Each structure stands twice: as structure tokens, then as C-alpha cells.
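Let me begin by presenting the structure, written as C-alpha cells, before commenting on it.
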Amino acid sequence: MLKQKPCRAWLTANADPADTIVYVGIDPSETRRIPAIEHGWAPWTVRFPLCDPPLLSKQDMLDLARAHGLRPPRLYELG
């Protein structure tokens, strides 16, 4: 909710639903959430790129981020 309210306000003011796509970063273990997320972001189109092939585990994603010089958030490092 903390991120959704300002994002929705910005989208409403600046983004035409006819040509705007909202990308949501949920992984394949959370696909059950997709219908509610799509409903919640209507009228914008929503895509879930982490749920598309090739499907990567969270560890795969963290390894890929590190390989590109990105540091994962500190909470990931703490387990």
C-alpha cells in the first residue's frame, strides 16, 4: 500500500491507460496474486516479466543482479 498510493496518483496524473503498461515484480511462486493485482491496477495494463520464461529462482535473480554489478538489498543479504 505504501508504494501503491503514490504510484497510482502519479499514473492518474501522467499516464494514459491506453498506452501505459505497469510492470510488477512478483516471481513465479506468487502467480496466484496476478488476478487481484490486475484488478487493482485497472484500467492500466499490467505485466509480470519475472513470471515469463525463462523462469528464474530468487537465487538465480540475485546471482544475475550481482553479475551485473548490482548489490541486492541488505535484507536479502541477512537472509
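Nothing in this text is a laboratory measurement; each read-out follows from the coordinates by a stated rule. Remember, it's a predicted structure, so these values are computed and weren't measured experimentally. Don't worry about glycine lacking a Cβ; one is built from the backbone with ideal geometry, like all the others, and counts go over all protein chains shown.
Couple of notes before you dig in:
- Sorting CYS7, CYS51 from the fewest to the most surrounding beta carbons within 10 angstrom yields CYS7, CYS51.
- With the helix formula -39500 (n - 2.57) applied to DSSP H stretches of n ≥ 4, the chain reaches a computed 222 nm mean residue ellipticity of -11500 deg cm²/dmol.
- The chain: radius of gyration over Cα atoms, expressed as a fraction of 2.2 N^0.38 Å: 1.28
- Only one residue of VAL24, TYR76, PRO54 has its Cα farthest out toward the positive end of the dipole of the chain, where Lys and Arg carry +1 and Asp and Glu -1 on Cβ, and that residue is TYR76.
- Taking Cα centre as origin and charging only the Cβ of basic (Lys, Arg, +1) and acidic (Asp, Glu, -1) residues, the dipole magnitude of the chain rounds to 340 debye.
- For the stretch 51-64, 3J(HN,Hα) per residue [Karplus equation, 6.51 cos²θ - 1.76 cosθ + 1.60, θ = phi - 60°, Hz, x = Gly/Pro]: 9, 9, x, x, 6, 10, 6, 4, 5, 4, 5, 5, 4, 5
- For THR45, the amide hydrogen comes within under 5 Å of the amide hydrogens of THR20, VAL22, counting only partners 5 or more places away or on other chains and with H modelled in the peptide plane.
- 13 Å beta-carbon shell around THR20, net charge (K/R +1, D/E -1): 0
- Relative to the longest principal axis of the Cα atoms of the chain, helix 4-14 runs at roughly 50 degrees.
- Label reach from SER29 (point 7 Å along Cα→C-beta): in the stretch 49-79, amide nitrogens under 13 Å belong to 56-62, 79.
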